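Since every read-out is calculated from the coordinates, none of them should be taken as a lab result. The structure displayed is predicted, hence computed values, not measured ones. Counting neighbours? That spans all protein chains shown, and the Cβs are built from the backbone with ideal geometry, glycine included.
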Amino acid sequence: MKILDIELNENNGAHLITRKYQTELLDLFPDEQLRGCEMGVAYGGGLANMRRIWGDRTETIWGFDTYEGHPVEEMLTRCEASQRAGGKASMAAVCMEHWYNLKDRYGDRYTDEHIQAELDELGYDTVVLVKGLVTDATDVSFIEDLHYAFIDMDWPQAQRDGYELLKNKIKPGGYLALHDMCKRGHIPGCWEIYQDILAEGVFELVEERPDPQIVSVLRRL
Ligand SMILES: C[S@@+](CC[C@H](N)C(=O)[O-])C[C@H]1O[C@@H](n2cnc3c(N)ncnc32)[C@H](O)[C@@H]1O
């Protein structure tokens, strides 16, 4: 089975952009073992690709997700922007349905058991799955610092929480990639948070692809 392959992200072209920056990190930090993180893992393709690119230069790659499917009930109560944008009909609430409905192809392959088994088969023992809802109270104390993080949880509130949790973990010169945030109105509430992040001045914008990938790459100052 090759479910962790890049093919998984065929509609998430973000990784086609971000892998360039993941590759650059090998030269930017030539004497260091690299640490990365993805928040919002889905089927694991992003984690597997990061590990593949870094090879034996990987120290640890953490992957945060519920691993129980898109957390609609839990996040709707937390995410005011998505409540205002239609609640259960909002883009943030329904955007994973297409994938979950492709049962023959994807089924329940978003579970940590399934992804862990795939990682084991590949021998990718430097990838660590962290199961649970990401909120502003999520424990990330076991991460000392990061060279790279990708935040891709769809919910504006989850994107903000993930950013706050990780922004001071990323090393100067390291990269933060954000999905779904640079195209105004795509997921209501995300663009506004993105503007706050840019205005904060902790990161500088390196590349922005509003269409079709809807991904931004920022460098930690
Ligand atoms: C768009 S998918 C991630 C796609 C993946 N990054 C990729 O490139 O293939 C969004 C994922 O975020 C997860 N998610 C959404 N909100 C979350 C939260 N607050 N805590 C943990 N996981 C969350 C969902 O379970 C889902 O698997």
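Residue check, K88 against (1) more than 17 Å from the chain's Cα centre (by Cα); (2) surrounded by 14 or more Cβ atoms within 10 Å (Cβ to Cβ), all met but one. Which one? Result: K88 fails condition (2) only.
Within segment 188-195, identify whether any single residue is closer than 22 Å to Q83 by Cα, over 16 Å from the mean Cα position of the chain (by Cα) and crowded, with 20+ Cβ neighbours inside 10 Å, and answer yes or no. Yes; the residues of segment 188-195 include at least one that is closer than 22 Å to Q83 by Cα, over 16 Å from the mean Cα position of the chain (by Cα) and crowded, with 20+ Cβ neighbours inside 10 Å. The lone criterion from (1) outside any loop (DSSP other than H, G, I, E, B); (2) within 10 Å of the ligand (Cβ to nearest atom); (3) within 15 Å of P71 (Cβ to Cβ); (4) in contact with a helix residue (DSSP H, G or I) (Cβ under 8 Å, 6 or more places away or on another chain) left unmet by M153 is number (1). In the set (1) assigned to a strand (DSSP E or B); (2) in contact with a Pro (Cβ under 6 Å, 6 or more places away or on another chain), the condition left unmet by L205 is number (2).
The set of residues in segment 106-143 being assigned to a loop (DSSP other than H, G, I, E, B) and free of Cβ contacts under 8 Å to residues at least 40 places away in the same chain consists of G107, D108, G123, D125, D136, A137, D139, V140, S141, F142. Candidates are the residues of segment 208-221 that are in a strand (DSSP E or B) and within 15 Å of the chain's Cα centre (by Cα); the one that is farthest from the ligand (Cβ to nearest atom) is L218. Within segment 89-99, the set of residues being closer than 20 Å to A158 by Cα and out of contact with any Leu (no Cβ under 7 Å at 6 or more places or on another chain) comprises A89, S90, M91, A92, V94, C95, M96, E97, W99. Scanning for something at positive phi, surrounded by fewer than 17 Cβ atoms within 10 Å (Cβ to Cβ) and either part of a strand (DSSP E or B) or without any contact (Cβ under 8 Å) to a residue 40 or more places away in the chain (or both), does segment 165-184 turn up at least one residue? Within segment 165-184 (the criterion being at positive phi, surrounded by fewer than 17 Cβ atoms within 10 Å (Cβ to Cβ) and either part of a strand (DSSP E or B) or without any contact (Cβ under 8 Å) to a residue 40 or more places away in the chain (or both)), the answer is yes, since at least one residue qualifies.
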